[in-house]
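The values are calculated or read from the model by the stated rules, or taken from the named source; none is laboratory data. Here the structure is a predicted model, which is why all the values come from computation and not from measurement. Cβ sites come from the backbone with ideal geometry, for glycine too, and all protein chains shown count toward neighbours. Just the protein is used for accessible areas: all its heavy atoms, side chains included, with ligands, DNA and RNA removed. Shrake-Rupley method; radii C 1.70, N 1.55, O 1.52, S 1.80 Å.
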Amino acid sequence: MLFWATAGGLLLQVLAARLGVVTGKNLAQMCRLDYPRPVSLVLWVMTEMAIIGSDIQEVIGSAIAIKLLFGIPLWGGCLITGLDTFTFLIIHAFGVRKLEAFFAALIFTMMVCFFINFGWTRPVWGGAPWDAGSDGGGILLGTLVPTVDDFAVIQAVGILGAVIMPHNIYLHSALVQSRNINRNNHEA
């Protein structure tokens, strides 16, 4: 489920980035230009609510992680997470490339940790959900045909919401505007 949510999110982010490269405008600007004012206002309000909902999840999730790792109360974890935002703003003051390099380092660190945990658990590659003792099936079939037990449907929907975040789609269409691209040159 997580793999396909990530693939879908990647597709949407690539399309948003292409929109920014080709038009020189971000997704919010294009919505404002192409839709009537009432529709663009409704889209804006819905997007703001989705962004707030995503950010609340991230702050509370970070606070829970900090509590589990260090025993700090949830309110303290929320404060730390809020203050952590200023770290990104400070790095951004040194330039967008530095901020992107910082995020790339964080993503690389997460990838290394993921593969260490993946190898440590020794997952089942074969098997199907209906096999006894396979605990949901193997990785190969589970990647091609994701299955979710009845009790985990809400978590599966939460995964979709956590991976495909609206502010990332808007962000990627705006980030490419910082690139110096000759839009008159088709190859560029």
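Please list, ordered by residue number, the helices (runs of 4 or more DSSP H) wholly in the stretch 1-76 having 1 or more residues that are among the β-branched types (V, I, T). Don't jump to the end; show me each part of the working.
Working: elements: 2-23, 27-34, 37-70.
So the answer is 2-23, 37-70.
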Starting from the stretch 168-188, take each residue that is without any contact (Cβ under 8 Å) to a residue 12 or more places away in the chain and list its partners that are open to solvent by 70 Å² or more (accessible area, probe 1.4 Å), counting only C-beta distances under 8 angstrom and pairs at least six apart or across chains. A188/N182
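Is it fair to say L171 is farther than 18 Å from Q13 by Cβ, modelled with pLDDT under 80, in a helix (DSSP H, G or I) and open to solvent by 50 Å² or more (accessible area, probe 1.4 Å)? Please lay out each step first, then the result.
Details: farther than 18 Å from Q13 by Cβ: no; modelled with pLDDT under 80: yes; in a helix (DSSP H, G or I): yes; open to solvent by 50 Å² or more (accessible area, probe 1.4 Å): yes.
Taking the combined requirement at face value, the residue does not satisfy it.
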Counted residues, the stretch 3-31 - those being of a type in the set (A, V, I, L, M) and open to solvent by 40 Å² or more (accessible area, probe 1.4 Å): 10
Could you please find all residues in the stretch 66-100 being open to solvent by less than 60 Å² (accessible area, probe 1.4 Å) and closer than 30 Å to N180 by Cα? T87, F88, I91, G95, V96, L99, E100
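Does T143 meet the test of being of a type in the set (S, T, N, Q), surrounded by 10 or more Cβ atoms within 10 Å (Cβ to Cβ) and at pLDDT 85 or above? Before the answer, list the steps.
Details: of a type in the set (S, T, N, Q): yes; surrounded by 10 or more Cβ atoms within 10 Å (Cβ to Cβ): yes; at pLDDT 85 or above: no.
No, not satisfied.
So is G53 at positive phi and either open to solvent by 60 Å² or more (accessible area, probe 1.4 Å) or modelled with pLDDT under 90 (or both) or not?
For G53, the condition - at positive phi and either open to solvent by 60 Å² or more (accessible area, probe 1.4 Å) or modelled with pLDDT under 90 (or both) - is not met.
Would you confirm, using the coordinates I've provided, whether V148 is within 30 Å of K25 (Cα to Cα) and touching a residue at least 60 places away in the same chain (Cβ under 8 Å)? Before the answer, list the steps.
Working: within 30 Å of K25 (Cα to Cα): no; touching a residue at least 60 places away in the same chain (Cβ under 8 Å): yes.
The answer is no for V148.
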Pairs please, first residue from the stretch 94-118 and without any contact (Cβ under 8 Å) to a residue 60 or more places away in the chain, second anywhere and surrounded by 10 or more Cβ atoms within 10 Å (Cβ to Cβ), Cβ atoms under 7 Å, 6+ apart in sequence or on different chains. K98/I91; L99/F88; L99/I91; L99/H92; F102/I91
For N26, all conditions in the list (1) of a type in the set (S, T, N, Q); (2) over 25 Å from I159 (Cα atoms); (3) free of Cβ contacts under 8 Å to residues at least 12 places away in the same chain hold save one; what is the number of the exception? (3)
Residues in the stretch 109-124: is at least one part of a helix (DSSP H, G or I), touching a helix residue (DSSP H, G or I) at 6+ places or on another chain (Cβ under 6 Å) and open to solvent by less than 90 Å² (accessible area, probe 1.4 Å)? no
